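Notes to accompany the following structure.
The values are calculated or read from the model by the stated rules, or taken from the named source; none is laboratory data. Predicted model, so just to flag it, every value in this text is computed and none were measured. Ideal geometry is used to build each Cβ from the backbone, glycine not excepted, and the neighbour counts take in all protein chains shown.
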Amino acid sequence: MAIDRLSDLRRARRIVVKIGSALIVGEGHPKTDWLHTLASDLKSLRDGGTEVVVVSSGAIALGAGAVGLTDRARASLSHAQAAAAAGQIALARLWHDALAAQGLGAAQVLLTMDDLEDRRRYLNASATLGKLLEQGLVPVVNENDTVATEEIRFGDNDRLAARVAQASGADAVLLLSDVDGLYDREPSKADAELVSTVDGVTPDILAMASSASSSGLGSGGMVSKLQAAQIAERAGIALAIINGRGPSPIARAMAEERGTLFLPRRADGARKAWLGGRLAAAGAISVDAGCGRALLDDGASLLAAGITRVDGEFSRGDLVEVRSEDGTAFARGLSEYDAADIRKIAGLRESEQAEQLGYAPRSAVIHRDHMVLL
């Protein structure tokens with residue numbers, strides 16, 4: 001099923017809808033009336049045959065208001081975790097009530113980055129989401145901020161939504177923002193133009209993003225939304241950004257065809273899509289131009305002979321980035337060696353590697369079956 005414009009999202013078999021904090025919470029209080037109009041939009045999607053997964057921010061914002069935390073206090077990890085614990089109950093109740101008013105059942109799912117970075121836990125999350133949808137429920141997903149640390153956090157729900165779309169087998173992701181979509185320059189400028197369709201997130205597209213968030217409540221911005229689009233497009237998933245302000249935002253955006261639609265670029269297999277969406281690389285391997293061409297043009301495995309530099313300390317089986325000579329990351333994969341051993345054999349041919357390693361070398365540093373191009 002091709003998704004070429006916003007209104008095509010109505011025909012998606014399964015869609016992930018992400019809502020930011022500023023849309024749900026205003027001045028510490030939930031925007032209950034708005035949320036009920038959004039729930040009506042979700043019911044319309046369901047009535048049209050589209051299964052819906054919600055990724056909802058708002059727990060920290062709700063909890064901060066409930067316990068009187070200031071913006072400065074909210075910046076502390078321990079304060080944010082406490083606010084999330086208090087606010088998650090209120091957020092779950094809001095979604096339960098809004099969906100119940102439309103005759104829909106809700107199910108809460110809290111995830112950490114590790115739940116989606118670890119392959120076994122990722123498959124468990126995927127199975128749970130599938131079962132909830134099979135039972136006719138609407139999974140409401142949020143990052144488990146109460147236990148997540150700075151080192152193992154998504155930090156924004158935009159990228160979480162893209163990863164949840166992979167795990168749930170969704171066709172599309174819909175990000176509700178406080179702007180209409182991606183503009184070719186800062187939206188506040190008079191000559192800024194909305195970009196309606198993006199066929200691949202290129203460096204030029206990334207340059208259009210502003211990291212500013214007008215709300216001050218959310219942790220995301222346009223940069224995180226483009227990162228989410230990159231994850232989605234590599235997995236064959238369409239992603240759209242629309243303005244969530246005002247009642248019934250999904251119905252309005254589709255009727256007006258107003259927003260930015262990122263077209264999927266390719267449909268990697270399940271394992272490679274998971275690899276391409278992983279966020280926490282443990283290190284990096286730089287390669288020479290000839291090796292880079294072999295990886296990009298021929299789909300070759302990464303051999304030690306083409307390696308020029310190793311950054312970071314990682315172990316066999318860890319996810320690492322592959323970079324060109326100018327430092328641009330163009331692939332990632334699972335390393336067959338730890339960092340120390342790769343440094344020993346970097347630049348050497350297979351016949352020279354055993355003496356350095358003290359054992360027979362493996363067929364590749366990263367096998368092509370465990371590597372994905374970015």
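The residues in the stretch 116-127 that are surrounded by fewer than 16 Cβ atoms within 10 Å (Cβ to Cβ) and free of Cβ contacts under 8 Å to residues at least 60 places away in the same chain can be counted, and the count is 6. Among helices (runs of 4 or more DSSP H) entirely within the stretch 56-133, having at least 3 residues that are modelled with pLDDT under 85 and within 25 Å of GLY26 (Cα to Cα) singles out 59-67, 71-74, 77-100. Tell me whether the stretch 299-309 contains one or more residues that are out of contact with any Leu (no Cβ under 7 Å at 6 or more places or on another chain), assigned by TED's automatic domain parsing to the domain that holds SER363 and at positive phi. Looking through the stretch 299-309, at least one residue is out of contact with any Leu (no Cβ under 7 Å at 6 or more places or on another chain), assigned by TED's automatic domain parsing to the domain that holds SER363 and at positive phi.
Residue by residue, here is whether (1) buried (at least 21 other Cβ atoms within 10 Å of the Cβ); (2) farther than 29 Å from GLY200 by Cα; (3) not small (Gly, Ala, Ser) holds:
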site: ALA289; (1), (2), (3): no, no, no
site: ALA305; (1), (2), (3): no, yes, no
site: PHE330; (1), (2), (3): no, no, yes
site: ALA340; (1), (2), (3): no, yes, no
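Across the stretch 98-114, the qualifying residues are those that are surrounded by 15 or more Cβ atoms within 10 Å (Cβ to Cβ) and more than 21 Å from the chain's Cα centre (by Cα), and the one among them that is farthest from LEU279 (Cα to Cα) is GLN102. Pairs linking a residue in the stretch 175-192 that is under 15 Å from GLY20 (Cβ atoms) to a residue that is among the β-branched types (Val, Ile, Thr) and part of a loop (DSSP other than H, G, I, E, B), with Cβ atoms under 7 Å and 6 or more positions apart or on different chains, are GLY181/VAL195.
I'd like to know if the stretch 277-297 contains one or more residues that are under 22 Å from LEU174 (Cα atoms) and either modelled with pLDDT of 95 or more or not aliphatic (A, V, I, L, M) (or both). Yes, because at least one residue in the stretch 277-297 is under 22 Å from LEU174 (Cα atoms) and either modelled with pLDDT of 95 or more or not aliphatic (A, V, I, L, M) (or both). Being more than 25 Å from the chain's Cα centre (by Cα), touching a residue at least 40 places away in the same chain (Cβ under 8 Å) and either farther than 26 Å from ARG119 by Cβ or outside any helix (DSSP H, G or I) (or both): is that true of ALA331 here? No, not satisfied. Only residues that are part of a helix (DSSP H, G or I), modelled with pLDDT of 95 or more and in contact with a helix residue (DSSP H, G or I) (Cβ under 6 Å, 6 or more places away or on another chain) were counted across the stretch 1-55, and they come to 4.
When you look at ALA251, is it modelled with pLDDT of 90 or more, assigned to a helix (DSSP H, G or I) and surrounded by fewer than 18 Cβ atoms within 10 Å (Cβ to Cβ), yes or no? So ALA251 passes the test.
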